[in-house]
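Novice: Got a structure for you, written out below as structure tokens; questions coming shortly.
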Amino acid sequence: MLVFLGVFIFSCQKEEEEHIDETEEETINSNSQLTDLLLRTSQNPGAYDDIIDGNSCASVILPVTVIANGQQVTVNTPEDINIIKDIFNLFPNDTDTLEIMFPISLELFDYTQVTITNQTDLDALAATCDIADAEIGCLNIVYPISFFTYNTDQQQTGTVTITNDWELFDFLHRLGPDDFISIDFPITVQLEDGSSVEVNTNQQLQALIVDCVANTNEDPIDISQFEEDLTTGIWYVDYFFDDYDETDNYAGYEFTFALDGTAQSVKSGVVISGTWALVENFKLDLFFGSSVPLNELDEDWEIIEANAEFIKLKHISGSDGSIDYLTFGREPNTGGTNTELNLFIENLITGSWYVNLLEEYGVDHTANFNEFEFTFFGNGSATAVSNNDTVNGYWTAQMDSGNLDFILNFETTTNGDFGELNDNWDVLEATQTIIRLSDVSGGGTDYLTFGREPNGGGGGGPDPQELRDILISGTWYVEKFLDDGDDETADFNGYDFNFYNNETVYATNGTENVYGIWVVTVTGQELNFEFDMDSPINRADDQNYKALQYVPTRVTFITRNSQGEIEDTLIFRKN
């Protein structure tokens, strides 16, 4: 019996030692690399709401209220974050701003919660988030999974079943230096593309996570793929916008780019050589020299979006903040696409506008804007000014499937009524005196009309005597004079103009006195204004102006070429 017991005990010890030796390779502890990777995989996800908190190691506890580009948004669900993204993406030519209505609460990477009362504290917390500590979100473990626990002698002490990320993080986070665990394989891991992988060893699981992290591209573009697409095949200018749509200027041009950084533009057999380079902050630097119109492409373009079929670029001017847009595509540019859009832009940015109609869901809201004078600027910004308030905003116009769209985005923090204007409007009619818009929504069709006179003012046909009475009612100065688009307002600095009943005009700057004549006539539905003055301020006279707009404090005159495009703009403002 003693011999039998001795043999039995020896056999069991040998069996246990063999079991331990096999298990030791599959056990991990708190210092193992796989433990760290699993902690980052199971920690509280914080990247999805970075547009709010700028912190990939924490998430905002919803609901939270923010003001995005002047519009108030309450985020109740993670999906509502797309509302903020849509507002930011609505205008490529604005500066995106986000104001958080504090206090807010955050859930940190370890699922603990903190309250933040101001932006400074929020920024300080975000600065503590190292990229090495950020979540690994490119794969998910399919639960439940089980772990075997062991002591320092590698003897199994129990089993733990995990059913979600929080339980896994808490379990791993509590491991002490003398705790050892092993996974009950096989387990299933779901990858970012939706496919699933069966994992059978620690080594396989660790390699899968490491490979997943290594192949997650955090950059806006894949540089190697971009270079391959750029240098393959022929490109054409699909879109070029510099204050106006100038795409037609590049009709017939073919562009090729080589791996050695050289480029070529070919039109009608004429070859223009150039260069290209990728510079810091994912910009594409182009240079084709001084040849018109290729010289307008000579900029360092920010890459907005790119693939094998199109490359979308933008450049922000350092002088006035205006934004140019350039898109290369694979279809030849045959021209003849930008006339309607450019005429709309010229009319829009020349003179002031007033809301003459806003009908939403069949209800008339026009009176909410009766006091506001709207001005749209060439750089994509806009203002609405009343005696008591100034509301800022942005606008853009674009051709979409052959239809002209006019998109508005005004801030709503000081006046919530302006949220009613913020939409993507279809242009029904656009002339120098009226812009009629509509928008089809779930509740019906909304209508918005801008005119040259305040709501309820004017009406009927043009009244030459009304314009004459306005001009003779006081002294005036030249607020703006554009000669074929060139700003020559400075030529009239210091001069005050007096228009008299006898159709004479007198201007003086205190030392020089200049005399002339003026006349207002009517042709059909247009008022004509002509005047002639002596030197030295005769650069704007001897033109057949049309009265675009006239109110008691400002008068706007324009000339048009044979295509209907605005050539000269002359604006008088009352002193």
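Novice: Given the conditions (1) at negative phi; (2) touching a helix residue (DSSP H, G or I) at 6+ places or on another chain (Cβ under 8 Å); (3) surrounded by 12 or more Cβ atoms within 10 Å (Cβ to Cβ), report the number of the one that Leu108 does not fulfil.
Specialist: It is condition (2) that Leu108 fails.
Novice: Hey, among Thr231, Thr247, which residue is among the hydroxyl-bearing types (Ser, Thr, Tyr), within 28 Å of the chain's Cα centre (by Cα) and within 26 Å of Gly485 (Cβ to Cβ)?
Specialist: Thr247 is the lone residue from the list that is among the hydroxyl-bearing types (Ser, Thr, Tyr), within 28 Å of the chain's Cα centre (by Cα) and within 26 Å of Gly485 (Cβ to Cβ).
Novice: Looking at the stretch 169-186, can you tell me whether even one residue there is among the aliphatic types (A, V, I, L, M) and touching an Asp or Glu at 6+ places or on another chain (Cβ under 8 Å)?
Specialist: yes
Novice: Next up: Considering only residues that are part of a strand (DSSP E or B), surrounded by 15 or more Cβ atoms within 10 Å (Cβ to Cβ) and in contact with a helix residue (DSSP H, G or I) (Cβ under 9 Å, 6 or more places away or on another chain), which ones fall in the stretch 263-310?
Specialist: Ser265, Ile272, Gly274, Trp276, Leu278, Leu284, Leu286, Phe287, Ile303, Ala306
Novice: Okay, moving on. For Leu259, which of the numbered conditions (1) within 15 Å of Ile303 (Cβ to Cβ); (2) part of a loop (DSSP other than H, G, I, E, B); (3) not acidic (Asp, Glu) fails to hold?
Specialist: Only one criterion is unmet by Leu259, namely (1).
Novice: Considering only the stretch 226-250, state which residues are over 14 Å from Lys312 (Cα atoms) and of a type in the set (S, T, N, Q).
Specialist: Thr231, Thr232, Asn249, listed by residue number.
Novice: Could you list, in sequence order, all residues of the stretch 147-173 that are at pLDDT below 95, in a loop (DSSP other than H, G, I, E, B) and not acidic (Asp, Glu)?
Specialist: Those that are at pLDDT below 95, in a loop (DSSP other than H, G, I, E, B) and not acidic (Asp, Glu): Asn151, Thr152, Gln154, Gln155.
Novice: I've got another one for you. How many residues does the stretch 215-237 contain that are touching an Asp or Glu at 6+ places or on another chain (Cβ under 7 Å) and surrounded by 15 or more Cβ atoms within 10 Å (Cβ to Cβ)?
Specialist: Residues that pass the stated criteria total 1.
Novice: Ok, one more. Name every residue in the stretch 499-514 that is surrounded by 12 or more Cβ atoms within 10 Å (Cβ to Cβ) and either charged (D, E, K, R) or in contact (Cβ under 8 Å) with a residue 12 or more places away in the chain (or both), in order of residue number.
Specialist: Matches in the stretch 499-514: Phe499, Tyr500, Glu503, Thr504, Val505, Ala507, Thr508, Asn509, Glu512, Val514.
Novice: Moving on to the next point. Are there any strands (runs of 3 or more DSSP E) wholly within the stretch 34-117 with 1 or more residues that are modelled with pLDDT under 95 and closer than 29 Å to Phe410 by Cβ, and if so which?
Specialist: 64-68, 71-75, 98-100
Novice: Just to verify a result, which residue in the stretch 119-137, among those that are surrounded by fewer than 17 Cβ atoms within 10 Å (Cβ to Cβ) and not small (Gly, Ala, Ser), is nearest to Pro177 (Cα to Cα)?
Specialist: So the residue we want is Asp133.
Novice: Here's another thing I want to ask about it. What's the total number of residues in the stretch 380-390 that are surrounded by fewer than 15 Cβ atoms within 10 Å (Cβ to Cβ) and not in a strand (DSSP E or B)?
Specialist: 4
Novice: Moving on to the next point. Just give me the residues in the stretch 316-338 being over 21 Å from the mean Cα position of the chain (by Cα) and at pLDDT below 90, in sequence order.
Specialist: Within the stretch 316-338, Asn333, Thr334, Gly335, Gly336, Thr337, Asn338 meet the criteria.
Novice: Among the numbered criteria (1) within 28 Å of the chain's Cα centre (by Cα); (2) surrounded by fewer than 18 Cβ atoms within 10 Å (Cβ to Cβ); (3) farther than 23 Å from Ala277 by Cβ; (4) touching a residue at least 12 places away in the same chain (Cβ under 8 Å), which single criterion is violated by Asn151?
Specialist: For Asn151, the failing item is (1).
Novice: Can you name the number of the only condition in (1) more than 47 Å from the chain's Cα centre (by Cα); (2) modelled with pLDDT of 90 or more that Phe529 fails?
Specialist: (1)
Novice: Check off (1) among the β-branched types (Val, Ile, Thr); (2) within 19 Å of Val385 (Cβ to Cβ); (3) at pLDDT 90 or above for Thr412 and give me the number that stays unchecked.
Specialist: All conditions pass for Thr412, except number (3).
Novice: On to the next question. Counting only residues that are among the β-branched types (Val, Ile, Thr) and under 22 Å from the mean Cα position of the chain (by Cα), how many does the stretch 69-123 have?
Specialist: 10
Novice: Another question about this same structure. Of all residues being touching a residue at least 60 places away in the same chain (Cβ under 8 Å) and in a loop (DSSP other than H, G, I, E, B) in the stretch 465-484, which is nearest to Arg560 (Cα to Cα)? Just the residue, please.
Specialist: Out of the qualifying residues, it is Asp484.
Novice: Okay, moving on. Looking at the stretch 11-30, can you tell me whether even one residue there is basic (Lys, Arg) and at pLDDT 50 or above?
Specialist: No, that holds for no residue.
Novice: Also, quick follow-up: For the stretch 391-417, name all the residues that are closer than 12 Å to Ser381 by Cβ and outside any strand (DSSP E or B).
Specialist: Glu411
Novice: Tell me, which residue of the stretch 515-528 that is over 17 Å from Ser473 (Cα atoms) and either touching a residue at least 24 places away in the same chain (Cβ under 8 Å) or among the charged types (D, E, K, R) (or both) is surrounded by the most Cβ atoms within 10 Å (Cβ to Cβ)?
Specialist: Leu527
Novice: When you scan the stretch 357-371, how many residues do you find that are free of Cβ contacts under 8 Å to residues at least 60 places away in the same chain and either part of a strand (DSSP E or B) or in contact with a helix residue (DSSP H, G or I) (Cβ under 9 Å, 6 or more places away or on another chain) (or both)?
Specialist: Selection size over the stretch 357-371: 4.
Novice: From the list Leu286, Leu341, Leu297, Leu313, which one is closer than 22 Å to Gln398 by Cα and modelled with pLDDT of 95 or more?
Specialist: None of the others qualify; the one that does is Leu297.
Novice: Restricting the stretch 420-451 to residues that are in contact with a Phe, Trp or Tyr (Cβ under 8 Å, 6 or more places away or on another chain) and outside any strand (DSSP E or B), which is modelled with the lowest pLDDT?
Specialist: Among residues in the stretch 420-451 that are in contact with a Phe, Trp or Tyr (Cβ under 8 Å, 6 or more places away or on another chain) and outside any strand (DSSP E or B), the one modelled with the lowest pLDDT is Gly443.
Novice: How many of the residues in the stretch 242-252 are of a type outside the set (D, E, K, R) and buried (at least 21 other Cβ atoms within 10 Å of the Cβ)?
Specialist: 2
The values are calculated or read from the model by the stated rules, or taken from the named source; none is laboratory data. Given the structure is predicted, the values throughout are model-derived calculations rather than measurements. Please note: Cβ atoms are built from the backbone with ideal geometry, for glycine as well, and neighbour counts cover all protein chains shown.
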